[in-house]
1. Let's test the formula: R0 of 41 Å, r as the Cβ-Cβ distance of LEU228 and LYS134. What FRET efficiency results, to the nearest 0.05?
2. At 7 Å along the Cα-to-beta-carbon direction for both ALA63 and MET214, put a label point, then send me their distance in nm to one decimal.
3. Starting from 0.36 nm per residue, how many nanometres of slack lie between GLU343 and SER115 once their C-alpha separation is accounted for?
4. Just the number, please: percent antiparallel of the DSSP beta bridges in the range 61-169, rounded to the nearest 5.
5. Once both labels are modelled 7 Å past Cα along the beta-carbon direction, what's the PHE151-ARG433 spacing in nm?
6. Would the range 61-169 count as rounded, prolate or oblate if I go by the C-alpha gyration tensor, calling it rounded below 1.5 in a/c and otherwise prolate when a/b exceeds b/c, oblate otherwise?
7. How far, in nm, would the chain grow between LEU165 and ASP444 when pulled straight, counting 0.36 nm per residue and subtracting the alpha carbon separation?
8. Can you put SER110, SER86 in order, fewest other beta carbons within 10 Å first?
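None of the figures in this text is laboratory data; all of them are computed from the coordinates on show. These figures come from a predicted structure and were not determined experimentally. No Cβ is skipped: glycine too gets one built from the backbone with ideal geometry, and neighbour counts run over all protein chains shown.
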Amino acid sequence: MDLSWFPHRFLRPRGWGLLVSGIFALLLAQVMGRRDLLALGIFLIALPLLAVLGIRLLKPGFAVYREFSPASVETQSTTTVSLAISGDGFPGGRVMMAEQLPPRFGEPPSFYYPSRSAAASGLSRYEYHLRSGKRGQFRIGPVSAEFSDPFGLSLHRHEVNGSDLLTVTPAAINLPDTRLSGARGNDGITATTQRANPSDDDVMTREYRYGDPMRRVHWPATARQGTLMIRQEESVTTPEATLVLDTRLSAFAGGMGPFATPGPDGKHPELITTENFEWSVVAAMSIAAHLVEKNFALRVLDVHAAPGFHTSSSAPWPEEEIYSGSSGLSAVADSLAALELDEDESATGTRTNGGHPVLGEALLEKLAMHRRRGPLIALLGNLTSAEAHRLAPAAEFGANAFAIVVTDRPQEAHPILETLRLGGWRAMAANYRTSLPSAWAYFDEVQFFTAPSGKTALDSGRAPTVGPRS
């Protein structure tokens with residue numbers, strides 16, 4: 001007989017059956033005047049009620065240990081979740097458990113405790129797999145336990161332990177080798193010629209640049225030249241690339257507008273993003289992987305000259321700017337996982353930072369401190385003409401300067417690209433349909449020449465764009 005329609009909050013169907021039977025026995029005892037039916041009715045009613053009370057007062061304690069392998073996973077890749085559950089004072093009743101998951105992962109896995117292969121210590125192990133097509137941070141767990149007394153009369157549900165955070169990072173796309181990453185040497189290794197014990201006459205010098213440390217001032221050469229001169233024997237053997245990442249909501253609001261994806265907690269339940277910003281995030285991940293593999297140290301900044309990931313809830317080091325090696329690349333991936341558009345940005349996108357407008361003096365000063373140590377790459381959203389004019393002079397601070405303007409209508413971005421190009425940038429426009437490898441290779445394919453003003457220009461005479469994937 002199917003008794004699934006019975007309410008299951010406190011009693012199982014068997015418990016409800018005894019309770020109903022006890023009430024029926026009491027009614028018969030009242031009608032027939034039988035004391036034995038009275039005793040039976042009281043017993044049948046008391047047994048499930050005592051089971052409900054006992055399972056709440058003497059409920060077993062459980063401990064859940066959860067582990068992800070790998071600890072953070074790329075989009076469209078699978079992570080294995082390993083659960084180890086132990087019971088303290090487990091009375092032997094049947095326990096139904098289920099792992100609570102965000103809706104995007106589908107039906108939550110369920111299992112019984114103890115497992116068939118449970119150890120003698122009572123430790124039961126389980127495994128299941130998760131995969132997400134979107135980046136972000138997701139709460140996995142807690143485990144909800146549904147256990148009963150040894151007779152299967154009562155039912156009690158409660159959550160066991162807490163949850164753990166699964167980080168889903170954007171997957172890097174392989175980028176073709178180009179001349180862009182070779183600006184400071186072959187495969188990111190700077191070749192330097194340096195004497196073992198140079199004398200004052202042997203030391204090579206250059207003029208002082210803003211941001212150079214005073215300890216490197218060469219005073220004899222300064223006295224001869226009449227201007228501050230800097231020693232060059234302290235060559236940087238590891239080139240540095242700088243990535244400027246635009247995270248302004250105003251720069252990416254357009255087209256279909258911003259949408260949300262699940263986030264890690266209740267205070268910020270959603271990541272604010274757009275299709276174009278997701279493309280920009282994947283581009284940042286891919287460019288970072290490409291440059292780090294070429295032995296570059298990567299400096300990441302936002303358009304306010306602040307550390308690029310200082311607003312990301314998933315960043316392991318929010319105030320860090322420079323990343324290098326495999327550990328640095330892993331930190332970049334984790335930081336990009338929950339990076340979202342800045343919803344505090346004003347509608348005009350002209351919020352100031354330290355009194356300076358975005359893409360203005362503060363950013364130029366920061367870039368000037370590390371001028372010409374490697375390529376300068378900017379991933380930007382929609383720019384106003386004023387913002388493009390403020391950013392244009394920054395090109396001189398990179399060994400080469402490359403800008404990708406991610407916008408809904410790349411074909412309408414020519415005036416902005418022309419402004420950047422006249423400032424010395426190699427600039428192009430793209431949108432979320434653009435093939436990222438094609439966009440990256442485009443800088444290498446287009447022929448640039450030096451204009452009479454000394455700035456970089458295109459031989460085609462117009463600002464380039466890259467169309468959507470075919």
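1. Details: r = 52 Å, r/R0 = 1.27.
That gives a FRET efficiency of 0.20.
2. So the label points at ALA63 and MET214 sit 5.9 nm apart.
3. Details: separation 228, 0.36 × 228 = 82.08 nm, distance 4.72 nm.
Result: 77.4 nm gained on full extension.
4. In the range 61-169, DSSP labels about 90 percent of beta bridges as antiparallel.
5. In this crude label model, PHE151 to ARG433 measures out at 6.9 nm.
6. Judged from the Cα gyration tensor, the range 61-169 comes out prolate (a/c at least 1.5, a/b above b/c).
7. On the way: separation 279, 0.36 × 279 = 100.44 nm, distance 4.07 nm.
That pair, LEU165 and ASP444, stretches by 96.4 nm at full extension.
8. Values: SER110 13, SER86 18.
So the ranking, lowest neighbour count to highest, is SER110, SER86.
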